[in-house]
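I'd like to ask you about the structure that follows.
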Amino acid sequence: MHIKKINVVDLYEIILNNQEFICKKYSYSKEISRDAVINNLFERLRQEDSKAIGLGLFDESGRIHGGIVIHSSEWDTQHFGIEIGKVDLLIFDELIRLENRLKFLEEIGKELSGEFDVVFLRHTLSDYRTITALSKVGWMLTDVLLTFHRDPRGLNSQGIERDRLLQVREAQGKDENKIENLARVSFRMSHFHSDPNIPYELSDELYAKWIISILNDPSSKVFVAEDEDGVCGFITCSIRSLIDGTSYGIIDLVAVDRDKRGRGIGKLLLSKALEWFSSHVSSVFVGTQASNIPAIRLYEGMGFKLVESEATFHLWIK
């Protein structure tokens with residue numbers, strides 16, 4: 001086996017041979033086709049091809065058996081002040097042995113020297129050989145992400161207890177400061193916070209910036225929960241479109257004021273989000289850390305089903 005730089009077109013065969021692996025979490029939605037997911041992946045990789053770094057694992061006949069594509073994350077780089085790369089795709093043929101994966105992943109660190117300070121990767125836990133190899137060659141495990149899915153239609157919200165002092169409504173400009181401050185203190189189980197090389201305060205600030213960007217995105221919605229003291233929670237709703245026109249919903253951020261928890265605010269927010277999604281899409285995905293037991297219980301209690309588990313790794317080059 002040998003390693004060399006590649007272009008996106010070099011990955012065509014190995015992606016087609018591993019469609020089930022790539023499309024795993026989308027397979028639970030009847031409306032999202034495998035072809036749409038694969039074609040969307042190819043298009044996204046092609047768009048980033050000129051700026052991305054690609055490496056492939058080849059046998060002596062020249063056939064590719066593994067590959068990785070990494071692009072520069074401008075958002076994270078600007079925020080943290082260091083060069084940060086993100087892995088778009090890491091894939092091996094299923095029968096590739098552990099020692100070959102180890103060799104390939106070790107070589108990545110050498111190839112990226114001078115390109116990035118750190119690289120972020122999220123990879124399915126079902127690929128246990130690659131997870132083992134990543135751990136052995138210096139990639140730092142920073143979190144485990146669980147992804148849940150449900151059809152937003154058919155939600156029975158009548159059984160959800162409602163505090164008479166609470167209301168849920170669309171966010172307004174006057175809410176921006178409160179939402180920003182709430183985001184700043186609400187997401188401390190993230191892979192950013194878990195990495196001792198990343199300043200804690202900068203990780204907090206990233207989420208404050210993120211919620212403001214969603215608020216200013218015309219294709220997204222933010223709903224807030226409000227009580228007698230003002231805004232005490234929020235939820236974000238975004239629509240993602242695949243290349244064939246199929247769309248699905250994403251809930252990126254959910255937060256409830258620590259002092260207000262236990263009043264059913266999360267359920268009310270999630271109910272409002274699903275109501276909004278129901279007139280736009282037939283699939284909604286939401287993710288949370290495996291350590292966030294209250295969030296997992298909330299999603300499962302609202303009819304979401306676990307569809308994927310992924311490990312997040314950081315590789316520090318310098």
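Out of everything in segment 256-287 that is among the hydroxyl-bearing types (Ser, Thr, Tyr) and over 14 Å from Thr236 (Cα atoms), what residue ends up being surrounded by the fewest Cβ atoms within 10 Å (Cβ to Cβ)?
First, pick out the residues of segment 256-287 that are among the hydroxyl-bearing types (Ser, Thr, Tyr): 271, 278-279, 282-283.
Remaining after also requiring over 14 Å from Thr236 (Cα atoms): 278-279, 282-283.
Numbers: Ser278: 16, Ser279: 8, Ser282: 17, Ser283: 21.
Only one residue tops the list, namely Ser279.
Sort out for me the helices (runs of 4 or more DSSP H) sitting completely within segment 1-120 that have 2 or more residues that are over 27 Å from Leu146 (Cβ atoms). First the steps, then the outcome.
On the way: elements: 12-17, 19-22, 34-48, 74-80, 98-111.
By residue number, 12-17, 34-48, 74-80, 98-111.
Here is a further query. Quick test for you: out of Glu60, Glu115, Glu107, pick the one residue that is of a type in the set (Asp, Glu), over 21 Å from the mean Cα position of the chain (by Cα) and under 24 Å from Ser203 (Cα atoms).
On the way: Glu60 fails: under 24 Å from Ser203 (Cα atoms); Glu107 fails: under 24 Å from Ser203 (Cα atoms).
Just one listed residue meets the conditions, Glu115.
Residues are listed down the side, and each one gets a yes or a no for (1) within 23 Å of Thr288 (Cα to Cα); (2) modelled with pLDDT of 95 or more; (3) surrounded by fewer than 18 Cβ atoms within 10 Å (Cβ to Cβ):
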residue: Ile53; (1), (2), (3): no, no, no
residue: Ile84; (1), (2), (3): yes, yes, no
residue: Glu94; (1), (2), (3): no, no, yes
residue: Arg97; (1), (2), (3): no, no, yes
residue: Glu107; (1), (2), (3): no, no, yes
residue: Leu112; (1), (2), (3): no, no, no
residue: His123; (1), (2), (3): yes, yes, no
residue: Thr130; (1), (2), (3): yes, yes, no
residue: Gly138; (1), (2), (3): no, no, yes
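Looking at (1) assigned to a helix (DSSP H, G or I); (2) closer than 12 Å to Phe80 by Cα, which is the only condition Ile198 fails?
(1)
Now, a different point. Pull up segment 229-255, narrow it to residues that are exposed (fewer than 15 other Cβ atoms within 10 Å of the Cβ) and more than 17 Å from Asp151 (Cα to Cα), then point me to the one that is farthest from the chain's Cα centre (by Cα).
Asp229
Write out, first by first residue and then by second, each pair whose Cβ atoms fall under 7 Å of each other, whose residues are 6+ apart or on separate chains, and whose first residue, in segment 78-97, is among the basic types (Lys, Arg) while the second is crowded, with 17+ Cβ neighbours inside 10 Å.
Lys86/Ile70; Lys86/His71; Lys86/Ser73; Lys86/Phe120
Could you list, in sequence order, the residues of segment 265-301 that are of a type outside the set (Phe, Trp, Tyr), within 17 Å of Tyr248 (Cβ to Cβ) and either touching a residue at least 60 places away in the same chain (Cβ under 8 Å) or touching a strand residue (DSSP E or B) at 6+ places or on another chain (Cβ under 9 Å) (or both)?
Initially, segment 265-301 is screened for residues of a type outside the set (Phe, Trp, Tyr), giving 265-275, 278-284, 286-298, 300-301.
After this cut, where a residue has to be within 17 Å of Tyr248 (Cβ to Cβ) as well, the list is 270, 273-275, 278-284, 286-287.
Listed by number, the residues that qualify are Leu270, Ala273, Leu274, Glu275, Ser278, His280, Val281, Ser282, Ser283, Val284, Val286, Gly287.
The values are calculated or read from the model by the stated rules, or taken from the named source; none is laboratory data. Keep in mind that what you see is a predicted model, and the values were worked out from it rather than measured. Positions of Cβ are backbone-derived with ideal geometry, glycine not excepted, and every protein chain shown enters the neighbour counts.
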